[in-house]
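All remarks here apply to the structure that follows.
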Amino acid sequence: MGSTMMPAAGAGSVLRALRAAKGLTIGELATRSGVSPRTIGGIERGHVRRPHGGTLTALADGLGLDGVARTRLAAAVRTEHAPVGVPDLPPLTPHFTGRQDDLARLVAASHTPGGVVLVTGLPGVGKTTLAVRAATGLDARFPDGVRFIGLAGDPTLRPAAVAQRLLRSFGVEAFGDGAVREYRALMRQRRVLVVVDDAGAAAQVAPLLPADAAGFTVVTAGRPLDLPAARDRLILQPLSAVDGERALCRMLGEDVDAGAVAGYCGGLPLALRAAATRLITRPHASVERLAARLARPERVLDALSVRDAFARGYRLLPECARQALRTTPLSPGEGANALVAHGWATPQGEVHPLARAFAQSCR
C-alpha cells in the first residue's frame, strides 16, 4: 500500500492520508518511527510547518513506504515550504540564516567580469550553502546560465577532467588539454556563473580561470588555494551566537528555547543541523538532556556528528597548524597564522570550541 494515491495537498494532509492507509494511529506510528506523537500530530495539523529531513525519513521508514510514496511525501514538504531554487544548483537550505555581509561581498564581486572569489573556512561552516544561496540570487544577471560542479575535495582530479564535466553541461565534448583550452575559450565568450565546490587543489582549478572571462566563478575549498585569478578571498566565519540560536529555533520551531544547545554548536551550521535532527527524531530527547551531553568535551563531537568533518579538515592543515592546535592555547607564530588562514581560529587567536574539542581528542 506504499504507492497509495495521495491528494495534491500539504505535508500534513499527505502524512495523515498515508498513516490512515496503513491503518495506524499516531501513537503506533510514533512507536514504529521513533518520532514523538507530538511532532507527528503537529505535522498533520500544520503546526510543524517545516519538518526536518531526518524526521521525514524516520516517518517514511515507520510507514514502510516505497520509493514513490517517499518521493511524494518529500515533494509535499518542498512544494509548501522550500525556497525556490535554480536548475543546475543543489537545493537551497530552507533554514538559511544570517550571512548578509558575506552575501553582499559575493554580489559585489560578481559585478566585475572575470571575477573569481575563493571561499574557505572551518569544516561544516556552510561554504557550499553560501555559494549556492549567492548563485541563486544572481542567476538572472548571467544570461548564459549557472553551473555547479562538486569536486569532493579530491586533489587527484586533473583540470582536464574538471573542464570536461563543465563543458558537457554546455553540450560541448572535448578531451585532454583540449578540454581546458575549450573551456577557457567558452568562459571568455559567455556570461555564465560557475560554482566549483570543494576543490581539492589549486592545480585542478587555476588553469580554468582566464583573467579575461566574461562570467563569474565562486570556488569553495577546505583550505586556502593559490589561485592567481581570485580577486577576493573570503574566510567564512561561524554564525554569530544570535544567528546560530535563530537558525536552530527555525529548524525546531520558534517556540523552542534552544539557546543552551545552540551555544555548544559554536555557530557551526553542520552542528546545528545535527542537533536539530537529534532533538526531532529521538522521542525521549530534550534540549536539557542534549545540552548536558554536549557539556562533556569527550562526547560533543559525536553528539553533533562533526568528528568526521573535522578529521577530514585536520588532514588538510599543515603540520605546523596541527601542532599549534594540539597545544592550545595558541601562541603567536607560523602555526597560529596557519590556523587563522584555514578558518580554525579567529584573527584574535581564539580557536573554535569544536576545533578545540577535536584537538583534545588528538592528543
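Quick notes on this structure:
- Number of the condition not met by A241 [criteria: (1) without any contact (Cβ under 8 Å) to a residue 40 or more places away in the chain; (2) over 19 Å from the mean Cα position of the chain (by Cα); (3) over 21 Å from L56 (Cβ atoms)]: (2)
- Going through (1) farther than 20 Å from E298 by Cα; (2) of a type in the set (G, A, S); (3) open to solvent by 10 Å² or more (accessible area, probe 1.4 Å) one by one, S361 falls short only on (1).
- Among the residues listed as D232, D212, the single one being touching a residue at least 24 places away in the same chain (Cβ under 8 Å), among the acidic types (D, E) and over 24 Å from F96 (Cβ atoms): D212
- Residues located in region 249-262, provided they are assigned to a helix (DSSP H, G or I) and over 19 Å from the mean Cα position of the chain (by Cα): G259, A260, V261
- Considering the conditions (1) farther than 28 Å from L225 by Cα; (2) of a type in the set (K, R); (3) open to solvent by 80 Å² or more (accessible area, probe 1.4 Å); (4) within 20 Å of the chain's Cα centre (by Cα), R312 is excluded by exactly one of them, (1).
- Each residue in region 326-340 was checked for being at pLDDT 90 or above and surrounded by 18 or more Cβ atoms within 10 Å (Cβ to Cβ), and 5 pass.
The values are calculated or read from the model by the stated rules, or taken from the named source; none is laboratory data. Bear in mind the structure is a predicted one, so any value in this text is a computation, not a measurement. Positions of Cβ are generated from backbone atoms using ideal geometry, with glycine treated the same way; all protein chains shown enter the neighbour counts. Just the protein is used for accessible areas: all its heavy atoms, side chains included, with ligands, DNA and RNA removed. Shrake-Rupley method; radii C 1.70, N 1.55, O 1.52, S 1.80 Å.
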